[in-house]
Amino acid sequence: MLNQIKGLHHVTSMADDAFTNNQFFTKTLGMRRVKKTVNFDSPDVYHLYYGDEAGTPGTVMTYFPFPQMPRGRAGTGEVGTTVFSVPEGALGFWRERLAKLGVTGLKEEQTFGEKRLNFAGPDGDGFALVEVRDDKRAPWTDGGVSGDHAIRGFHSAAMRLRDEGATAELLKFMGYEELDRKDGVTRLILPGGNGAGLIDLETMPNLNRAAQGAGSVHHIAFAVDNRERQLEVRKALMDTGYQVTPVIDRDYFWAIYFRTPGGVLFEIATNEPGFNRDEDLAHLGEALKLPQQHKHLRPVLESHLQKLEA
């Protein structure tokens with residue numbers, strides 16, 4: 001069993017409009033845009049990162065906004081719901097705020113004894129807020145939401161699967177432990193992690209496979225401290241039979257990827273070097289940052305990419 005994984009690092013999804021996506025996360029949810037860069041494989045498309053003040057692993061939601069991308073079709077083999085942690089007693093504030101701002105899909109419920117508010121993103125993305133007592137992670141409070149209510153980071157992610165068995169075994173190999181089962185959902189926890197240590201596996205044997213598009217999660221990333229730990233994880237996964245990519249430099253972290261038995265794309269990402277490697281903390285996410293291989297495209301990209309509010 002691995003002991004290098006620290007919890008979630010980031011979740012990356014797709015959208016059809018960069019401006020709307022940026023407004024939703026920075027204005028509606030009050031998160032900080034911590035990086036404005038481009039998709040390394042398709043530099044004519046943004047890669048936008050939102051999180052806490054520093055973009056701490058375990059808080060970062062990222063997006064590829066492909067203009068006029070068709071909506072995805074929900075199904076199995078994907079992350080269905082990305083869940084954020086908010087302070088105890090904050091859901092009333094969020095219910096009123098989200099309703100006033102026209103957010104759809106609002107539904108309150110209790111799951112695993114926790115108060116939860118489900119809602120949809122601009123592309124039908126599945127989101128929820130869960131009240132968490134004593135989440136010590138510091139929130140970003142310059143986005144129009146006070147510290148009494150602001151998002152702390154990820155609480156969990158829920159994966160929709162035809163059969164949870166092999167994915168559950170993989171997560172247990174990665175250091176997760178089964179915490180509870182209820183109504184067809186298995187909850188796993190990573191003890192002693194970074195505060196973003198819960199994964200829910202939803203078994204849906206009669207649901208069709210998902211089709212990716214706007215509103216779909218592209219991949220889910222798990223955190224390790226550094227490249228040395230990452231290489232240890234890569235070797236262990238390959239020794240177990242997984243096909244894992246070589247290490248890829250993503251400027252703000254190093255990444256490896258592999259497809260899980262249930263169809264979800266997993267990434268293992270390093271906590272180093274972080275989002276302040278090319279911008280100081282006070283100005284994260286303000287300037288368009290380009291990877292070395294695309295810097296020659298700056299004049300074209302600056303004229304092509306949609307203008308975003310700060």
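The values are calculated or read from the model by the stated rules, or taken from the named source; none is laboratory data. Source: prediction; values computed, not measured. Counting neighbours? That spans all protein chains shown, and the Cβs are built from the backbone with ideal geometry, glycine included. Just so you know, the surface numbers come from the protein's heavy atoms only, side chains and all, with ligands and any DNA or RNA stripped out. Shrake-Rupley method; radii C 1.70, N 1.55, O 1.52, S 1.80 Å.
Below, the figures for the structure above:
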read-out: Of HIS294, HIS155, HIS218, the one that fluctuates the most in a GNM where the chain has Cα springs shorter than 10 Å; value: HIS294
read-out: (1) 5, 20, 25, 24, 17, 7, 2, 1, 0; (2) 6, 28, 38, 23, 5, 0; (3) 6, 22, 28, 21, 13, 7, 3, 1, 0, with the label sought being that of the calculated P(r) over Cα pairs in 10 Å bins from 0, in percent; value: (2)
read-out: Residue among GLY197, GLY30, GLY92 with the largest mean-square fluctuation in a Gaussian network model of the chain, springs linking Cα atoms under 10 Å; value: GLY92
read-out: Extension gain, GLU272 back to LYS172 (0.36 nm per residue minus Cα-Cα distance, nm); value: 33.5 nm
read-out: In the range 204-310, GluC sites (Glu not before Pro) in a DSSP loop with at most 11 other beta-carbon atoms within 10 Å; value: GLU309
read-out: Cα-centre dipole for the range 161-310 with unit charges at Cβ (Lys and Arg positive, Asp and Glu negative), debye to 20; value: 440 debye
read-out: Viscosity 1.306 mPa s, 10 °C: Kirkwood-radius Stokes-Einstein D of the range 126-178 over Cα pairs, µm²/s; value: 114 µm²/s
read-out: Positive-pole candidate from GLY143, GLY285, GLN23, dipole of the chain, charges at beta carbon; value: GLN23
read-out: Inter-label distance for HIS304 and TYR257, nm, one decimal - labels placed 7 Å from Cα along Cα-to-Cβ; value: 2.0 nm
read-out: Principal axis dimensions, largest first and in whole angstrom, of the range 97-141 by Cα; value: 30, 28, 18
read-out: Exceeding the 28 Å Cα-Cα cut-off - candidates LYS172/LYS235; LYS107/LYS136; LYS115/LYS136; LYS172/LYS289; LYS27/LYS107; LYS235/LYS289; value: LYS172/LYS289; LYS235/LYS289
read-out: For the chain, accessible area per residue (1.4 Å probe, heavy atoms of protein chains only), Å²; value: 43 Å²
read-out: Heavy atoms of SER216: accessible area, 1.4 Å probe, square angstrom to 10; value: 10 Å²
read-out: Helix-only mean residue ellipticity at 222 nm for the chain, each DSSP H run of n ≥ 4 adding -39500 (n - 2.57), per residue, nearest 500; value: -4000 deg cm²/dmol
read-out: Amide H contacts of GLU177 (H built 1.01 Å from N, under 5 Å, at least 5 apart or other chain); value: ILE189, LEU190
read-out: Size of the range 151-266 as Cα extents on the principal axes (Å, biggest first); value: 39, 33, 32
